[in-house]
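Take a look at the structure set out below.
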Amino acid sequence: MVPDTTHITSGELSQLLASRLCHDIVSPLGAIGNGVELLEMSSDFPGIAACPELKLIAESVAAARARIQVFRVAFGQVQGDQRISRNGLAQLLDGFSAQGRMQIRLDAQGDFARTEMRMVMLAMMCLESAIPWGGTVTVLHGPAGWRLVAEAERTRQDAALWAWLGGDAPRNPLPSEVHFPLLAEALARAGCRARWEVDAQGAEIAF
């Protein structure tokens, strides 16, 4: 019997779809950003570079482009042994801090497998769900693996949602919470187990 080499699993198909969407959305955002830069340099509109409305557009476009890069790594396809440098990781984390509610500290050296970065981005999204009002996140990497620690004045605690990362009776996620089962799936594929905690002062994920 000849094996069916054209078969694509549902997970792989979802990753291909995410990569396609990210690719197609980045192009018009880049065009908007270029248009804003041309307006700022144009002599036909003196003083427009200081216009608060134009600054808001430029900042929003930059934040959207940074966020899409996060989505590309978290949800998109990984080909071969792709790796991301520390500077690349720092730029990805900027996608979480661009809106100003979250401050991020990175303590990691070297370069990292793209599959690891997928788990880090998904874990960041989980912490983002726990501290929607803002806070500080420290991302650490060492011999024991990754540890992400969030600190905040207020947290949103949902044990049934976090149970996807290890616990009893996880509830069905909303579309805005899909990163929880996706992180669980990525961890299982990597042969990792998550250790997590959420309380009134913050949240933590380690793997």
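The values are calculated or read from the model by the stated rules, or taken from the named source; none is laboratory data. Because the structure is predicted, anything quoted here is derived from the model rather than measured. In this analysis, Cβ positions are derived from the backbone assuming ideal geometry, glycine residues included, and neighbour counts consider all displayed protein chains.
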task: List the strands (runs of 3 or more DSSP E) that sit entirely inside the stretch 128-207 and contain at least 1 residues that are on the phi < 0 side of the Ramachandran plot and among the small types (G, A, S).
output: 135-142, 145-151, 202-206
statement: Restricted to the stretch 143-153 and to residues being modelled with pLDDT of 95 or more and among the small types (G, A, S), the residue farthest from S85 (Cα to Cα) is A152
- prompt: Is there any pair with a first residue in the stretch 103-127 that is over 10 Å from R86 (Cβ atoms) and a second that is at pLDDT below 95 and among the hydroxyl-bearing types (S, T, Y) whose Cβ atoms are under 9 Å apart and which are 6 or more apart or on different chains, and what are they?
  reply: Q103/S97; I104/S97
- request: Residues being in contact with a helix residue (DSSP H, G or I) (Cβ under 9 Å, 6 or more places away or on another chain), surrounded by fewer than 13 Cβ atoms within 10 Å (Cβ to Cβ) and within 25 Å of L89 (Cα to Cα): count how many of those fall in the stretch 24-66.
  value: 1
- prompt: What residue, among those in the stretch 89-134 that are under 19 Å from V61 (Cα atoms) and among the polar types (S, T, N, Q), is farthest from the chain's Cα centre (by Cα)?
  reply: Q99
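Hey, could you check the stretch 70-86 for residues that are out of contact with any helix residue (DSSP H, G or I) (no Cβ under 6 Å at 6 or more places or on another chain) and of a type outside the set (G, A, S) and say which is modelled with the lowest pLDDT? Lay out the reasoning, then the answer.
First pass over the stretch 70-86, keeping only residues out of contact with any helix residue (DSSP H, G or I) (no Cβ under 6 Å at 6 or more places or on another chain): 79-81, 83, 85-86.
Now restrict to residues that are of a type outside the set (G, A, S): 79, 81, 83, 86.
Working: Q79: 77, D81: 84, R83: 94, R86: 96.
Applying the filter and picking the extreme gives Q79.
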query: Restricting attention to the stretch 125-135, does a residue exist that is outside the structural domain of E12 (by TED's automatic domain parsing), exposed (fewer than 15 other Cβ atoms within 10 Å of the Cβ), more than 22 Å from R193 (Cα to Cα) and of a type outside the set (G, A, S)?
result: yes
- request: Using the structure shown, decide if H141 is outside the structural domain of L56 (by TED's automatic domain parsing), surrounded by 15 or more Cβ atoms within 10 Å (Cβ to Cβ), under 17 Å from R67 (Cβ atoms) and not hydroxyl-bearing (S, T, Y).
  value: no
